[in-house]
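The values are calculated or read from the model by the stated rules, or taken from the named source; none is laboratory data. Fair warning: this is a prediction, and the values are worked out from it, not measured in the lab. Note that each Cβ is placed from the backbone with ideal geometry, even for glycine, and that neighbours are counted across all protein chains shown.
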Amino acid sequence: MVKLGRVSDAARLRARRWDAIVLGSGISALVAAVRLGTANKRVLVVEEDAARAQHPALREPFFLSGLRDEGALHSAFRSLNIPLIDRRRITPERLAYQVVSPKWRVDAGGLDLTMAELSAWGLCEPSQAHSLLRILNEATDAERRAMLEAEVARTSRRIGLGRGANSGAYIRGLPVEAAHLDGDLKRFFDAQISVLSNLAQPKVTGEARARLMGLALAGGAGFGDAPPWLSGLLRRRVEAVHGDFRSVAGDFELISADGQPGIRVAESDDLWLARSLVIAASPTALSEALGPDQTPNFLKTKTNSCRRLGLHLRVERDAIPRGMGQRVVVLGEEIEGEDPRSRAASITAYACAEEPDKVDLVARMRAHNFDEYQTVEDELENRVRSLMPFSEDRLQRRKQRRPKWDDDGWLDDPKPGAGWPVVMNLRASGRPPVYRLDRAGVASLGFEGDLLLGWRGGDLIAEELQ
């Protein structure tokens with residue numbers, strides 16, 4: 001199927017129209033919807049019902065990077081007009097996260113703290129820790145400035161490198177001092193890159209590595225209370241700018257009627273049309289949900305993909321060791337023939353609104369195919385239990401219905417020659433107008449890439465709708 005399917009009986013259907021329909025409800029989708037609504041465009045966000053029903057902790061990023069060092073999150077909050085009372089709910093924390101292996105547990109946070117931790121655990125000598133972290137701190141700040149100045153995306157076919165201006169005498173990219181690490185020091189940084197990036201295979205460009213390797217040096221930030229958290233705040237902003245939400249439970253089609261793209265829900269007389277359709281879901285997952293006969297060519301990709309599974313657990317508060325942070329990166333045992341980067345797991349703790357004496361945990365790790373799902377879930381639970389040796393039956397898995405396509409856990413690699421800092425093309429089809437917020441293009445940047453994609457993409461699409 002080359003183009004969107006045409007609806008021949010549109011006259012008998014209940015057609016509703018918007019300026020833009022955003023398919024997907026992840027971070028970049030919600031940010032784009034807010035920017036479109038802020039530009040006075042009527043916007044509809046179409047989400048999967050399983051995603052809407054998920055526990056809110058499963059929809060949150062592992063680490064709210066780019067807030068304390070005035071990065072993408074700090075700038076996005078201002079651009080999206082997130083109320084100050086909500087921004088103040090995110091409190092600064094001493095630790096960004098902990099990185100744990102069977103041999104060491106390093107607290108990663110401010111410059112002095114991380115220096116002391118690396119040398120105390122024997123990952124490197126104090127002098128090496130000092131020089132390495134100093135240059136990484138400078139590199140990540142340079143990448144922060146360049147990232148906020150970069151073009152990120154265009155809506156034309158003429159695309160190329162989108163590098164921000166250099167600041168001072170610093171040359172962008174990964175410093176030589178950080179490019180050739182080995183042993184446990186290399187594992188320490190590789191594990192962070194794995195959980196912070198959104199690539200299927202965590203092979204990150206030099207510019208993105210420079211940003212990710214120094215993120216923890218700004219310290220941590222997090223919500224200390226019950227939801228709404230980030231995704232919930234973004235949903236509120238969509239509603240505040242008069243955006244609508246609709247959910248789909250079963251089959252649906254991407255269609256065209258009266259020259260406009262849209263969505264038709266199976267076994268329904270509803271027809272949702274718009275002046276533009278914005279695809280903000282993984283092409284791999286969306287292709288599987290639509291089926292081969294209903295998948296447009298612009299969704300048919302041949303790139304590496306996988307899924308970062310999220311496992312929801314709940315534990316009694318007094319079962320959590322006192323030294324355990326709110327966020328933990330956990331390395332497993334090294335297995336010969338396996339890339340240890342793909343086996344790094346993240347664990348995040350959240351306040352439990354239903355049971356105040358308990359804590360909700362979300363553990364995540366990559367699974368490269370459906371057959372691995374159960375094995376990965378079991379390994380995630382085992383890693384959590386290894387951090388809480390006396391939890392026993394006080395730690396329980398929670399039932400969850402996993403979305404098929406509307407999930408930021410789906411990870412796709414960019415095509416060769418693409419990916420950050422190369423500027424991506426958002427336009428997937430000219431007639432009818434369809435745009436793709438392709439997360440693979442900014443996957444090296446992780447969470448900050450999602451924010452930038454939705455922000456810049458929403459603004460570009462709004463301009464074309466004038």
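Residue-by-condition table, conditions (1) closer than 29 Å to residue 134 by Cα; (2) assigned to a strand (DSSP E or B); (3) hydroxyl-bearing (Ser, Thr, Tyr); (4) over 16 Å from the mean Cα position of the chain (by Cα):
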{"site": "200", "(1), (2), (3), (4)": "no, no, no, no"}
{"site": "212", "(1), (2), (3), (4)": "yes, no, no, no"}
{"site": "227", "(1), (2), (3), (4)": "no, no, no, yes"}
{"site": "231", "(1), (2), (3), (4)": "no, no, yes, no"}
{"site": "237", "(1), (2), (3), (4)": "no, no, no, yes"}
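Condition test on residue 101, is it within 28 Å of residue 454 (Cα to Cα) and among the polar types (S, T, N, Q)?
Judged against the criteria, residue 101 is not a match.
Going through segment 388-421 one residue at a time, which ones are aliphatic (A, V, I, L, M), part of a loop (DSSP other than H, G, I, E, B) and over 25 Å from residue 290 (Cβ atoms)?
388
For the list (1) modelled with pLDDT of 95 or more; (2) surrounded by fewer than 18 Cβ atoms within 10 Å (Cβ to Cβ); (3) part of a loop (DSSP other than H, G, I, E, B), I need the number of the one condition that residue 63 fails.
(2)
Could you check, for segment 240-253, whether at least one of its residues is under 25 Å from the mean Cα position of the chain (by Cα), at pLDDT 95 or above and buried (at least 24 other Cβ atoms within 10 Å of the Cβ)?
Among the residues of segment 240-253, not one is under 25 Å from the mean Cα position of the chain (by Cα), at pLDDT 95 or above and buried (at least 24 other Cβ atoms within 10 Å of the Cβ), which makes the answer no.
Conditions tested, residue by residue: (1) modelled with pLDDT of 95 or more; (2) touching a His at 6+ places or on another chain (Cβ under 7 Å); (3) more than 30 Å from residue 250 (Cβ to Cβ).
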{"site": "370", "(1), (2), (3)": "no, no, no"}
{"site": "404", "(1), (2), (3)": "yes, no, no"}
{"site": "411", "(1), (2), (3)": "yes, no, no"}
{"site": "419", "(1), (2), (3)": "no, no, yes"}
{"site": "437", "(1), (2), (3)": "yes, no, no"}
{"site": "447", "(1), (2), (3)": "yes, no, yes"}
{"site": "458", "(1), (2), (3)": "yes, no, no"}
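So residue 151 ticks every box in (1) of a type in the set (Asp, Glu); (2) surrounded by fewer than 18 Cβ atoms within 10 Å (Cβ to Cβ); (3) at pLDDT 95 or above but one. Which box is left unticked?
Result: residue 151 passes all but (3).
Condition check: surrounded by fewer than 19 Cβ atoms within 10 Å (Cβ to Cβ), over 22 Å from the mean Cα position of the chain (by Cα), over 20 Å from residue 385 (Cα atoms) and hydroxyl-bearing (Ser, Thr, Tyr). Does residue 295 satisfy that?
On the way: surrounded by fewer than 19 Cβ atoms within 10 Å (Cβ to Cβ): yes; over 22 Å from the mean Cα position of the chain (by Cα): yes; over 20 Å from residue 385 (Cα atoms): yes; hydroxyl-bearing (Ser, Thr, Tyr): yes.
In short, yes.
Between 264, 308, 275, which is of a type in the set (D, E, K, R), under 25 Å from the mean Cα position of the chain (by Cα), buried (at least 18 other Cβ atoms within 10 Å of the Cβ) and part of a strand (DSSP E or B)? It would help to see each step written out before you state the result.
Values: 264 fails: under 25 Å from the mean Cα position of the chain (by Cα); 275 fails: under 25 Å from the mean Cα position of the chain (by Cα).
It is 308.
Working only within segment 106-127, note down all residues that are buried (at least 17 other Cβ atoms within 10 Å of the Cβ) and not in a loop (DSSP other than H, G, I, E, B).
106, 107, 108, 109, 111, 113, 114, 115, 117, 118
If residue 313 meets every condition in (1) closer than 28 Å to residue 415 by Cβ; (2) touching a residue at least 60 places away in the same chain (Cβ under 8 Å); (3) not polar (S, T, N, Q) apart from one, which number is that one?
Only one criterion is unmet by residue 313, namely (1).
Just the residues that are under 17 Å from residue 27 (Cα atoms) and among the hydrophobic types (A, V, I, L, M, F, W, C), please, taken from segment 71-89.
If the condition is that a residue be under 17 Å from residue 27 (Cα atoms) and among the hydrophobic types (A, V, I, L, M, F, W, C), then 72, 73, 76, 77, 80, 82 are the ones that fit.
Using the structure shown, decide if residue 81 is surrounded by fewer than 19 Cβ atoms within 10 Å (Cβ to Cβ), touching a Lys or Arg at 6+ places or on another chain (Cβ under 8 Å) and modelled with pLDDT of 95 or more. Steps first, answer last, please.
Working: surrounded by fewer than 19 Cβ atoms within 10 Å (Cβ to Cβ): yes; touching a Lys or Arg at 6+ places or on another chain (Cβ under 8 Å): yes; modelled with pLDDT of 95 or more: yes.
Judged against the criteria, residue 81 is a match.
In the set 342, 346, which member is surrounded by fewer than 19 Cβ atoms within 10 Å (Cβ to Cβ) and in contact (Cβ under 8 Å) with a residue 12 or more places away in the chain?
Numbers: 346 fails: surrounded by fewer than 19 Cβ atoms within 10 Å (Cβ to Cβ).
Going through 342, 346 in turn, just one is surrounded by fewer than 19 Cβ atoms within 10 Å (Cβ to Cβ) and in contact (Cβ under 8 Å) with a residue 12 or more places away in the chain: 342.
Yes or no: residue 274 under 22 Å from residue 31 (Cα atoms) and not assigned by TED's automatic domain parsing to the domain that holds residue 93? Even if it seems obvious, please write down each step before you answer.
Numbers: under 22 Å from residue 31 (Cα atoms): yes; not assigned by TED's automatic domain parsing to the domain that holds residue 93: yes.
So residue 274 passes the test.
Could you tell me whether segment 86-104 includes any residue that is under 23 Å from the mean Cα position of the chain (by Cα), surrounded by fewer than 20 Cβ atoms within 10 Å (Cβ to Cβ), assigned to a helix (DSSP H, G or I) and in contact (Cβ under 8 Å) with a residue 24 or more places away in the chain?
yes
When the residues of segment 20-50 are narrowed to those that are of a type in the set (Asp, Glu) and outside any helix (DSSP H, G or I), which ends up nearest to residue 400 (Cα to Cα)? So that I can check it myself, show each step before the final result.
At the first step, the residues of segment 20-50 found to be of a type in the set (Asp, Glu) are 47-49.
Narrowing further to those that are outside any helix (DSSP H, G or I): 47-48.
Values: 47: 17, 48: 14 Å.
Step by step, filter segment 20-50, then rank; the result is 48.
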